[in-house]
1. Provide a single number: the residues in segment 104-131 that are more than 24 Å from Gln23 (Cα to Cα) and either out of contact with any Lys or Arg (no Cβ under 8 Å at 6 or more places or on another chain) or among the small types (Gly, Ala, Ser) (or both).
2. Counting just the residues of segment 236-291 that are within 22 Å of the chain's Cα centre (by Cα) and small (Gly, Ala, Ser), which one comes out modelled with the lowest pLDDT?
3. Any chance you could count how many residues in segment 150-159 are within 16 Å of the chain's Cα centre (by Cα) and surrounded by fewer than 21 Cβ atoms within 10 Å (Cβ to Cβ)?
4. From Val167, Val146, which residue is of a type outside the set (Asp, Glu) and either within 14 Å of the ligand (Cβ to nearest atom) or without any contact (Cβ under 8 Å) to a residue 12 or more places away in the chain (or both)?
5. Can you find a residue that is within 14 Å of Leu315 (Cβ to Cβ), touching a residue at least 24 places away in the same chain (Cβ under 8 Å) and surrounded by fewer than 15 Cβ atoms within 10 Å (Cβ to Cβ) anywhere in segment 270-291?
6. So, in segment 117-143, exactly how many residues are within 16 Å of the ligand (Cβ to nearest atom) and either closer than 27 Å to Leu33 by Cβ or not in a loop (DSSP other than H, G, I, E, B) (or both)?
7. Are any residues in segment 95-116 within 16 Å of the ligand (Cβ to nearest atom), in a loop (DSSP other than H, G, I, E, B) and crowded, with 16+ Cβ neighbours inside 10 Å, and if so, which ones?
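The values are calculated or read from the model by the stated rules, or taken from the named source; none is laboratory data. Computed from a prediction, not measured in an experiment: that's the story for all the values here. Here the Cβ positions follow ideal geometry from the backbone for every residue, glycine too, while neighbour counts run over all protein chains shown.
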Amino acid sequence: MPLKVIEGIRSLALEEDLTRFLQRLGGPTLIRLQGRDRSRRRAFCTLLHGNEPSGARALYAYLRSGETPAVDLDVIIASIPAALAPPMFSQRMLPGQRDLNRCFRPPFDDDQGKLAEAILRFLHDSKPECLIDLHNTSGSGPAFGVAIRCDADHRALTSLWTNDLIVTDLRLGALMEISELDVPTVTIECGGAQDETSLLIAREGMQRYFGSEQVLAAAGRDYGVNRFRNPIRMELKPGRRVHYGDAADPDAALTLPLDAARFNYGSVPAGERLAILGAAGLEALTAKDHLGRERLHDHFADINGRLSPKHPLKLFMVTTNPIIATTDCLFYFIDCANT
Ligand SMILES: [Zn+2]
């Protein structure tokens, strides 16, 4: 099985630092911990992306604390080889491999697919009461949850970390899409890898998730979670390039400011200058909704060569990493009127 299994905390060498710990594990690992209540179990996954360290750091601190979780706990630490590739925590996946969090659907025929399939099979067989998959956002930004459902259980799980939940009908092959068949699942984005608050947010939520008797919905409780439905992905058309800087790159399809991650906070008003468009203007971009309909011109205009929202928008996952911008997307957005 492509997932190494470690039974119990006593089998772990925790006296060293996180780097040594991950080096000892060596590859994708499942750690099975015994809880105070042995009749139930929860699952927790992190490091699907090797450049998102907050979950692994928070988990390592928890393991070192020696605390006993409320119920049995299965912890999956996935992309350890990508995380260890120097410089540490810089690579989302190893060169030539697929993005692991796009591999949770058939075909499962390459290494990443086999690992994804093993994780899904484990969740199916072990029947946890819930699953959290903890990530960092691609750029700096606040924490939020992502799920394909927003019933009370999903809101309760989200509320352990944050008050914002994105609910999406888009299917990309992410873990939460298929695990949901077996178990209520929420992906938590705990903020950017470089943000000082991310580790704190990851740790505090993890403490609640691991330590509380009850994490699913309690009858009659309102979790105060804001729901945002079906954000749209803003992408470059194939062969187009993004530039990050304060002066326009004439050859780039789009020039975003170096501090573009500030758009992740709050909302952006109509007419805000988000980016400088290249020679092709809006034609270099595409923004299809979850039904595959092009929505770019419904939400954005070219105002004097600047990419500008037509009405207030909430932006998520604005990245300043050109590789993620090109291979995944520039950002997600949602019309504030639809929240
Ligand atoms: Zn991620």
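1. 10
2. Gly266
3. 0
4. Answer to the selection: Val146.
5. yes
6. Adding up the residues that qualify gives 9.
7. Listed by number, the residues that qualify are Gln97, Asp99, Cys103, Phe104.
Yes/no per residue for (1) out of contact with any helix residue (DSSP H, G or I) (no Cβ under 6 Å at 6 or more places or on another chain); (2) assigned to a loop (DSSP other than H, G, I, E, B); (3) more than 30 Å from Ile323 (Cα to Cα); (4) more than 16 Å from the ligand (Cβ to nearest atom):
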residue: Leu22; (1), (2), (3), (4): no, no, no, yes
residue: Ile31; (1), (2), (3), (4): yes, no, yes, yes
residue: Arg42; (1), (2), (3), (4): yes, no, yes, yes
residue: Cys45; (1), (2), (3), (4): yes, no, no, no
residue: Arg57; (1), (2), (3), (4): no, no, no, no
residue: Arg64; (1), (2), (3), (4): yes, no, yes, yes
